[in-house]
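Asks: My questions will all concern the structure given below.
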Amino acid sequence: MPIVDRREFGGRFSVKENSQRLANYRYLEVQLMEMLGGWSHTTPQLAFKAAFGYQVYDHAQATDLLGERLYQLRSGRFREEPATDEFARLCEEIWNLDSTIDRLVAVCRVLEPHLVSTYVYHADATDPMADTPTVRLLRQLAAMAQAHVAWGQAALESLTQTAADRQRALTVQADLESKLVECGGVTGQGIESHWLAFHSAGDAAKPDRRTKRGKGGYRFAKRCAPLPHPVVEEPFWFSDDPEDFAVYQAQDEWSVEGFRHKFHQLLYGEVETTDRMGKMLAEFPDLPWPMRMELAHQMWDEARHIEIVAKALEELMGAELGYGPWSLVWWWMQNEDDPLKRITVTNSWAEANLMQTLRIWRQEAEKRGYSRIAELSDYLQADELTHVKLATNWIRDFVKDDQAKSDELVQWGTSAVERIERFHNPDAPVPDVHFTFLRTPPKDGARVSSVIGE
């Protein structure tokens, strides 16, 4: 059978222009990752937090793949830059939106649809043979972004039940689209509509020459206002009164009722950890990219855990979600300016402790014949190991030549753990605290705390 190949040599983009565009795309993928991550803790709906976790990791993967292609095109693997200062300012305006509807409109009706059309245009306009890796990559990323757009449209339809809400959404969309067009879009080259019928590309065979941009282009920092706890939808609630936690007491802690109480507290921990991973991604853009990839992956893990634990509570344990509270002794750490402090207690102590807690849950569930609860505990524990390693490896890397910094983290973390233990177990002695980034384990092993943490 003869081979038929209808592709032709030639495309609109040189290697240099190709690299420039990919760097512009990488900038927007990073912005979307940081926006969704940084918005999670002020978005009440658990379903939206979980979706943000999935999408944040999607954008992190897209960023990583674009970096790989940039490296192959003789450019910097971590290169990402806005095409124009005006586009960067548009991203800043979108970051500062404070309503869930406005945020979803900005991302799912403006930025991501623009990214889809731009990716498809680039894939069609570049050399289909010499630049095949870019073609394949951008078509893959376009499909992923299109899935986000579809989810966003469904979410917005659920949120805009009144004519006033729908009109507001359309007004925000029109305003942002106008600004997107004015700044030339993600590439600064205008909105390139390749799908118009009978439009000849020959009239614009090559893109306009770029205005050379220095490294001093407009940049902005993302900071979140400190809050006592993440924003959650009703009936979920927070309390600093230990008496409110009596609702979690069971005569038989390994009965279905006992597991219900344990999993319900765990659900809050998964929510807070989803939120804190996203907040870290938004507020610390200068962390090493491999570390940021791990943070994004953990946010995705925790988002999946929200779904797993909520479903187990309702379907396996007969729970009505929100029947009990979550404490305020965890979230304050996520307002710290030091990123290492944010993972010292939560990842390097609490998640290490949770690994042992989940092992005990699995064993006790197996004894009672609760096979599904045992299996879920086992899967959750497997994920926790990677989260512990994230903190262990990165904190070690940051403090390897700074014993004073390591001592500071241990002292600060020990004080934080004491605060947590005293709230949950006021009558019990505070156990010795061990952080996994310390290379010398405790002589008698770390005691498993009864605290169900993040």
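Asks: Considering only the range 306-316, state which residues are surrounded by fewer than 19 Cβ atoms within 10 Å (Cβ to Cβ) and either under 26 Å from Pro242 (Cβ atoms) or without any contact (Cβ under 8 Å) to a residue 12 or more places away in the chain (or both).
Replies: Answer for the range 306-316, where residues must be surrounded by fewer than 19 Cβ atoms within 10 Å (Cβ to Cβ) and either under 26 Å from Pro242 (Cβ atoms) or without any contact (Cβ under 8 Å) to a residue 12 or more places away in the chain (or both): Lys311, Glu314, Glu315.
Asks: Further question: What is the residue count in the range 408-454 for residues that are assigned to a loop (DSSP other than H, G, I, E, B), of a type outside the set (D, E, K, R) and either closer than 25 Å to Glu302 by Cβ or modelled with pLDDT of 80 or more (or both)?
Replies: Within the range 408-454, residues that are assigned to a loop (DSSP other than H, G, I, E, B), of a type outside the set (D, E, K, R) and either closer than 25 Å to Glu302 by Cβ or modelled with pLDDT of 80 or more (or both) number 15.
Asks: Take the residues of the range 35-46 that are open to solvent by less than 10 Å² (accessible area, probe 1.4 Å) and either β-branched (Val, Ile, Thr) or closer than 16 Å to Glu92 by Cα (or both): which is nearest to the chain's Cα centre (by Cα)? Talk me through it step by step, then tell me what you get.
Replies: Of the residues in the range 35-46, the ones open to solvent by less than 10 Å² (accessible area, probe 1.4 Å) are 35-41, 43.
Now narrow it down to the ones that are either β-branched (Val, Ile, Thr) or closer than 16 Å to Glu92 by Cα (or both): 35-39, 43.
On the way: Met35: 9, Leu36: 7, Gly37: 4, Gly38: 8, Trp39: 10, Thr43: 13 Å.
Among those residues, the one meeting the criterion is Gly37.
Asks: Condition test on Leu328, is it surrounded by fewer than 20 Cβ atoms within 10 Å (Cβ to Cβ) and either in contact with a Phe, Trp or Tyr (Cβ under 7 Å, 6 or more places away or on another chain) or in a loop (DSSP other than H, G, I, E, B) (or both)?
Replies: yes
Asks: Can you name the residue in the range 60-79 that is assigned to a loop (DSSP other than H, G, I, E, B) and in contact with a Ser or Thr (Cβ under 7 Å, 6 or more places away or on another chain) and is also nearest to Leu137 (Cα to Cα) among such residues?
Replies: Only one residue fits best here, namely Leu73.
Asks: Say whether the condition of being open to solvent by less than 10 Å² (accessible area, probe 1.4 Å), under 30 Å from Ala130 (Cα atoms) and not in a loop (DSSP other than H, G, I, E, B) is met by at least one residue in the range 47-59.
Replies: yes
Asks: Give the residue that is nearest to Asp85 (Cα to Cα), with candidates limited to residues of the range 157-176 that are buried (at least 16 other Cβ atoms within 10 Å of the Cβ) and not hydrophobic (A, V, I, L, M, F, W, C).
Replies: Gln173
Asks: Restricting to the range 381-401, count the residues that are small (Gly, Ala, Ser) and either assigned to a loop (DSSP other than H, G, I, E, B) or within 20 Å of Glu336 (Cβ to Cβ) (or both).
Replies: 1
Asks: If the requirement is being open to solvent by 40 Å² or more (accessible area, probe 1.4 Å) and basic (Lys, Arg), which of these qualifies: Arg21, Arg7? Break it down into steps so the answer makes sense when it comes.
Replies: On the way: Arg21 fails: open to solvent by 40 Å² or more (accessible area, probe 1.4 Å).
Checking each option against the conditions leaves just Arg7.
Asks: On to the next question. Could you list all residues from the range 124-143 that are modelled with pLDDT of 95 or more and of a type in the set (A, V, I, L, M)?
Replies: Correct list: Val135, Leu137, Leu138, Leu141, Ala142, Ala143.
Asks: Considering the range 266-305 alone, what residues qualify as being more than 25 Å from Glu80 (Cβ to Cβ) and surrounded by fewer than 20 Cβ atoms within 10 Å (Cβ to Cβ)?
Replies: Step one: of the range 266-305, the residues more than 25 Å from Glu80 (Cβ to Cβ) are 266-273, 302, 304-305.
Scanning the range 266-305 gives a single hit, Arg304.
Asks: Can you spot a residue in the range 390-402 that is open to solvent by less than 10 Å² (accessible area, probe 1.4 Å), under 21 Å from Glu253 (Cβ atoms) and not charged (D, E, K, R)? Explain how you work it out, then say what you get.
Replies: Filtering the range 390-402 down to residues open to solvent by less than 10 Å² (accessible area, probe 1.4 Å) leaves 390-391, 395.
From the residues that got through so far, the ones that are under 21 Å from Glu253 (Cβ atoms) too are none.
The answer is no; no qualifying residue exists.
Asks: When you check Leu32 against the structure, is it touching a Leu at 6+ places or on another chain (Cβ under 8 Å), within 30 Å of Met333 (Cα to Cα) and either assigned to a helix (DSSP H, G or I) or of a type in the set (A, V, I, L, M) (or both), yes or no?
Replies: yes
Asks: List every residue pair whose Cβ atoms lie under 6 Å apart, where the two residues are 6 or more positions apart in sequence or sit on different chains, the first residue falls within the range 402-431 and is over 23 Å from Asp338 (Cβ atoms), and the second residue, located anywhere, is open to solvent by 50 Å² or more (accessible area, probe 1.4 Å) and in a loop (DSSP other than H, G, I, E, B).
Replies: Once the first residue is over 23 Å from Asp338 (Cβ atoms) and sits in the range 402-431, its partners that are open to solvent by 50 Å² or more (accessible area, probe 1.4 Å) and in a loop (DSSP other than H, G, I, E, B) give Pro431/Arg447.
This table checks each residue for (1) surrounded by 13 or more Cβ atoms within 10 Å (Cβ to Cβ); (2) over 27 Å from Leu287 (Cβ atoms).
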residue	(1), (2)
Val345	yes, no
Leu358	yes, yes
Gly369	no, yes
Leu380	yes, no
Val410	yes, no
Arg422	yes, yes
Phe435	yes, no
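Asks: Residues that are modelled with pLDDT of 95 or more, among the hydroxyl-bearing types (Ser, Thr, Tyr) and open to solvent by 50 Å² or more (accessible area, probe 1.4 Å): does the range 85-106 have at least one?
Replies: No, the range 85-106 contains no residue that is modelled with pLDDT of 95 or more, among the hydroxyl-bearing types (Ser, Thr, Tyr) and open to solvent by 50 Å² or more (accessible area, probe 1.4 Å).
The values are calculated or read from the model by the stated rules, or taken from the named source; none is laboratory data. Quick caveat: nothing in here was measured; it's all calculated off a predicted structure. Cβ sites come from the backbone with ideal geometry, for glycine too, and all protein chains shown count toward neighbours. Areas reflect the complete protein model, heavy atoms only, side chains present, ligands, DNA and RNA absent. Shrake-Rupley method; radii C 1.70, N 1.55, O 1.52, S 1.80 Å.
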